[in-house]
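As structure tokens, the structure follows; a few thoughts come after it.
The values are calculated or read from the model by the stated rules, or taken from the named source; none is laboratory data. In this text, all values refer to a predicted model and were calculated from it rather than measured experimentally. Glycine also receives a Cβ, built like all others from the backbone with ideal geometry; neighbour counts cover every protein chain displayed.
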Amino acid sequence: MITKEDAMRAVSTLLKYIEGDDEREGLVDTPKRVIQSYEEIYSGYAMDPAEVLSSTFNGEGYDGIVLLRDIEFHSTCEHHLQPFKGRAHVAYIPTNRIVGISKLARIVELHARRLQNQERITKGIADDLEEHLSPLGAAVIIEAAHGCMQCRGVQKQNAVMTTSAMRGVFFDKNEARTELMQLIQSPSL
């Protein structure tokens, strides 16, 4: 089992690698601060999708699209440990139960606050909606800018990657998918 102290020693080793010294005044407490920030940045590992999506309400016959769009998030690329950030659009069509809207944002956070790739976040959110809400359809569209593309390698500052997962009626019925896209593109408040 790796302890917090082990992790702080690892950060100290990285500081020595980068700067040659980890004793400079500005770096002395850096290992502790980094590990504290990691506890927040990677808090998704401690979250359970079943728990996040367990609080549902009577849908009172509502059978239209439920969409929470422009959910901002940040994550960390598992390939280069570089940040990426963007926005997620999460939708479902309920059968008889609806979930509180904050739960849709929380399920995005659960997946984003792990070492990730964008495709896995997209798929994971859709999988959780299907498994825990049993909707007629679930859809997730994510747009993100990746630090690994911006600050290293090809250095493309304005590149935006888009991924999607369409399930149920959003996959099977063009009308449902078209309505969803119109809702996502409609003007903001």
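Please determine whether any residue of the range 64-71 is modelled with pLDDT of 95 or more, among the small types (G, A, S) and in a loop (DSSP other than H, G, I, E, B). The answer is yes, given that some residue of the range 64-71 is modelled with pLDDT of 95 or more, among the small types (G, A, S) and in a loop (DSSP other than H, G, I, E, B).
In the range 123-145, the residues that are under 24 Å from Q182 (Cβ atoms) reach residues that are among the hydroxyl-bearing types (S, T, Y) and part of a loop (DSSP other than H, G, I, E, B) with C-beta atoms within less than 7 angstrom, at least six apart or across chains, in these pairs: P135/T95; L136/T95.
Name the residues in the range 161-189 that are loosely packed, with under 12 Cβ neighbours inside 10 Å and within 20 Å of the chain's Cα centre (by Cα), would you? Selection gives T162 alone. Pairs are defined by a Cβ separation below 6 Å, a sequence spacing of at least 6 or placement on different chains, a first member in the range 20-49 that is farther than 17 Å from T3 by Cβ, and a second member that is modelled with pLDDT of 95 or more and in a loop (DSSP other than H, G, I, E, B); the pairs so defined are S43/R113; G44/R113; G44/R114.
When the range 142-159 is filtered for residues that are surrounded by fewer than 20 Cβ atoms within 10 Å (Cβ to Cβ), out of contact with any helix residue (DSSP H, G or I) (no Cβ under 6 Å at 6 or more places or on another chain) and either closer than 27 Å to I93 by Cβ or not aliphatic (A, V, I, L, M) (or both), the ones remaining, listed by number, are E143, G147, C148, Q150, C151, R152, G153, Q155, N158. The set of residues from the range 31-45 being of a type in the set (A, V, I, L, M) and either modelled with pLDDT under 95 or touching a helix residue (DSSP H, G or I) at 6+ places or on another chain (Cβ under 9 Å) (or both) comprises V34, I35.
For the range 136-189, the helices (runs of 4 or more DSSP H) that sit wholly inside it and include 3 or more residues that are modelled with pLDDT of 95 or more and over 18 Å from H111 (Cα atoms) are 169-172, 174-185. If we scan the range 85-94, do we find a residue that is surrounded by fewer than 12 Cβ atoms within 10 Å (Cβ to Cβ) and not acidic (D, E)? No, the conditions are met nowhere in the range 85-94. Of the residues making up the range 73-101, those that are over 15 Å from A112 (Cβ atoms), in a strand (DSSP E or B) and of a type outside the set (A, V, I, L, M) are Y92, R97.
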